[in-house]
Amino acid sequence: MPQSFAHLRRLGPSDVPLLRKLNALFGAAFEDPETYGAQPPVDTYLEDLLAKEHVIVVAALAGEQVLGGLVAYELDKFERMRREIYIYDLAVDAAYRRRHIATGLIEHLREIAAHRGAWVVYVQADHGDDPAIALYERLGKREDVLHFDIAVEPRSR
């Protein structure tokens, strides 16, 4: 893989500043700064999140600069004694795309998944996101599925 970044690293509880940079990158990449930046969690919340084994955050770094990253969740299955890893968010800064950073992030996640005993890593892509679809088709098998958001009504207090 061409060295367009210094290294890939799984973030831990002491990496809250890097997670905040990654969130800003997600907001810019997904053109949704409101979701990723309008109500940032407090540091202790993010520290606790990054300490959880089933929450996997990997960043592509050049020094303290975040060039890209992903957030994934480990899901224990009930039908068999195995796990799946779901990539929830993955993005690379526009200035660093087409340098194999996203592929490197996924390969790093695959190593973590193997170590954790997962049998598969999966991700969804939106219709029209042709670069993401092309990347995922190179790395895995495509399944056409429908995705539904089911709203949850806030509980009354």
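Computed quantities for the displayed model
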item	result
Dipole magnitude (debye, nearest 20) for the stretch 61-157, charges at Cβ of Lys, Arg, Asp, Glu	320
Distance histogram in 5 Å bins (all Cα pairs of the stretch 18-95, percent per bin)	3, 15, 21, 24, 19, 9, 5, 3, 0
Positive-end residue, the chain charge dipole about Cα centroid, Cβ charges, pick of 113, 152, 73	113
Protection proxy ranking, peptides 118-127, 105-114, average beta carbon neighbours within 10 Å, highest first	105-114, 118-127
Distance-filtered residues of the stretch 16-34 - backbone nitrogen under 15 Å, label point 7 angstrom along residue 44 Cα→Cβ	none
Relative contact order computed over the stretch 7-139 (Cα-Cα under 8 Å; 6+ residues apart), in percent	21
Those aspartates and glutamates that a straight Cα-Cα span of less than 18 Å connects to residue 21, excepting residues fewer than 8 apart in one chain	31, 32, 34, 43, 47, 48, 64, 89, 93
Computed magnitude of the charge dipole of the stretch 1-116 (debye, nearest 20; Cβ of K, R +1, Cβ of D, E -1)	480
Gain on full stretching of the segment that runs from residue 152 to residue 137 - 0.36 nm per residue minus C-alpha separation	2.1 nm
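Just so you know, all these numbers are worked out from the coordinates, no wet-lab data involved. If you're wondering where the values come from, they're calculated on a predicted model, not measured in any experiment. Heads up, the Cβs are rebuilt from the backbone with ideal geometry, glycines too, and the neighbour counts pull from every protein chain shown.
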